[in-house]
Amino acid sequence: MRQDNARYRLLAAADRLGVAAADYRAETREWAVAIAGETERLRGVRAGERTLLELLRRPGTDYRALCPESGLSDEAVAELDFRVKYEGYIQQEERLVARARAMDDLAIPAWLDYAAIPALRREAREKLGQIRPANLGQALRIPGLSPADVAVLSVVIKRRT
């Protein structure tokens, strides 16, 4: 959720809503395609034992040093550098987002009695009883509820359904 990549993240919404100029959206699409293409190219070009992509992941290495003749804009180069260097972290965050979305899909049945679940902390039972979240995603966002509490709920729900 960086501000410098908002143009790429929000392109589909900008297209749907028409909130950005058409030439700006076209430029963003063009840069996104160029970044993806260049990333694949770097993945396939070897420099000794390693690919250029692997070399670019190293601290202190930048794209312009590896590919000085590139036709990419400075903004596209900055985005490419960031994506390559932080690819592992980005993938981890995407897995966390997918897991959170799956939690939003698991409904908490109305029959569930939080007070009857001894594995939940007392504070968790009280908050869940007061708020009555509709799904595990909502439960996870309740201040004071731990991921362990939500995991207990998940197990109880899956065992009883």
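Some notes on this structure:
- Test: residue in the stretch 21-33 that is at pLDDT below 90, outside any helix (DSSP H, G or I) and either among the small types (Gly, Ala, Ser) or within 30 Å of Ala151 (Cα to Cα) (or both): no
- Number of the condition not met by Ile142 [criteria: (1) out of contact with any Lys or Arg (no Cβ under 6 Å at 6 or more places or on another chain); (2) under 30 Å from Arg159 (Cβ atoms); (3) among the hydrophobic types (A, V, I, L, M, F, W, C)]: (1)
- Every residue from the stretch 132-144 that is crowded, with 17+ Cβ neighbours inside 10 Å and farther than 20 Å from Trp111 by Cα: none
- Test: residue in the stretch 40-55 that is surrounded by fewer than 11 Cβ atoms within 10 Å (Cβ to Cβ) and either in contact with a Pro (Cβ under 7 Å, 6 or more places away or on another chain) or assigned to a loop (DSSP other than H, G, I, E, B) (or both): yes
Residue-wise test of (1) part of a helix (DSSP H, G or I); (2) modelled with pLDDT under 90.
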| residue | (1), (2) |
| --- | --- |
| Glu79 | yes, no |
| Val84 | yes, no |
| Ile90 | yes, yes |
| Ala119 | no, no |
| Leu153 | yes, no |
| Ile157 | yes, no |
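The values are calculated or read from the model by the stated rules, or taken from the named source; none is laboratory data. In this text the structure is predicted, and so the values were computed from the model without any measurement. Glycine gets a Cβ as well: all are built from the backbone with ideal geometry, and neighbour counts include every protein chain shown.
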